[in-house]
Structure formats: structure tokens, C-alpha cells
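J.: The structure that follows is given in the form of C-alpha cells.
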Amino acid sequence: MQHSPEEDRDRLVKAYRAAQIDVGELWLRYFALGGAAGRYEVEAYLNGLMPLSPHQHNVLAQAVNERLSELPPPPRAPYRKPEESSGE
């Protein structure tokens, strides 16, 4: 399913927030992957103030996704053993 550029940016921003890093760290990761936009351009993109090319968006998404892969997974709900007398 194809999304609009705005929807892709919104989804990237949601993932960025979950990544628990600041813009400066995100930009360093993005730059290390070959990103060409400056820190302020990245911040403006995250705030919906300017566009990035699809390629630069993808490099930024890669930086966010790499950070997300470093985080521990969220806690999962535990299962309970059924009680012997419950009959379930």
C-alpha cells in the first residue's frame, strides 16, 4: 500500500519518537549513513516544515529503524496457567 509523502513523514515521526533519541543524535546517525541534509533541515522535516527527497527520507528512516532495533522489545503480557478447579 502506497502512502502519501505526508503520511510517510508522520509514520517516520512516530517511529522517531519511539526511538527515544534527540534530533542531534538522529542527525548524526543519518549523516553516518550518507544523509545529505543538515541537522536543521532534518528537524524541519520532522516538524513538517520542509520536504526531503524520497532518498533522504529513506536514509532518515534507516537511521530511525537502526535505533529502534537497538532498544529492548516492549514488555509482553504474561499468560497465566489455568487453575486446576476452574474447568476452563
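J.: Which ³J(HN,Hα) values in Hz, rounded to whole numbers, follow from the phi angles of region 48-62 under the Karplus curve 6.51 cos²θ - 1.76 cosθ + 1.60, where θ = phi - 60° and Gly and Pro get x?
T.: Whole-Hz 3J(HN,Hα) from phi for region 48-62: x, 9, 7, x, 10, 5, x, 4, 5, 4, 5, 5, 5, 4, 4.
J.: Could you list 14, 81 in order of exposure, starting from the residue whose Cβ has the fewest other Cβ atoms within 10 Å?
T.: Ascending Cβ contact count within 10 Å gives the list 81, 14.
J.: Defining a contact as two alpha carbons under 8 Å apart and six or more residues distant in sequence, what relative contact order in percent does region 5-70 show?
T.: Over region 5-70, the number comes to 45 percent.
J.: Given the -39500 (n - 2.57) contribution per DSSP H run of 4+ residues, what per-residue ellipticity at 222 nm results for the chain, rounded to the nearest 500 deg cm²/dmol?
T.: Mean residue ellipticity, 222 nm, calculated: -17500 deg cm²/dmol.
J.: Can you tell me the 0 to 90 degree angle between the C-alpha axis of helix 5-18 and the longest principal axis of the chain, rounded to 10?
T.: 60
J.: Roughly what angle does helix 23-32 make with the longest principal axis of the chain, taking Cα atoms, 0 to 90 degrees, to the nearest 10?
T.: Relative to the chain, helix 23-32 is tipped by roughly 70 degrees.
J.: What residues qualify as long-range amide H neighbours of residue 50, i.e. H under 5 Å apart, gap of 5 or more or another chain, H built at 1.01 Å from N?
T.: Residues meeting the amide H criterion: 45.
J.: Further, regarding this structure: Kindly provide the chymotrypsin sites (Phe, Trp or Tyr not before Pro) of the chain that DSSP labels as loop, not H, G, I, E or B, and whose Cβ sees at most 13 other Cβ atoms within 10 Å.
T.: Those that pass, being in a loop and sparsely packed, are 79.
J.: Quick one: Debye curve from the C-alpha atoms of region 5-70, no solvent, what's log10 I(q)/I(0) at q = 0.16, 0.17, 0.19, 0.21 Å⁻¹?
T.: -0.41, -0.47, -0.60, -0.75
J.: Continuing with the same structure: Summing Lys, Arg as +1 and Asp, Glu as -1, what charge do residues with Cβ under 15 Å from the Cβ of residue 9 carry, residue 9 excluded?
T.: -3
Values quoted throughout were computed directly from the atomic coordinates according to the rules given, and no laboratory measurement underlies them. Just so it is clear, the model here is predicted, and its values are computed rather than measured. Note that we place each Cβ from the backbone using ideal geometry, even for glycine, and neighbour counts take in every protein chain shown.
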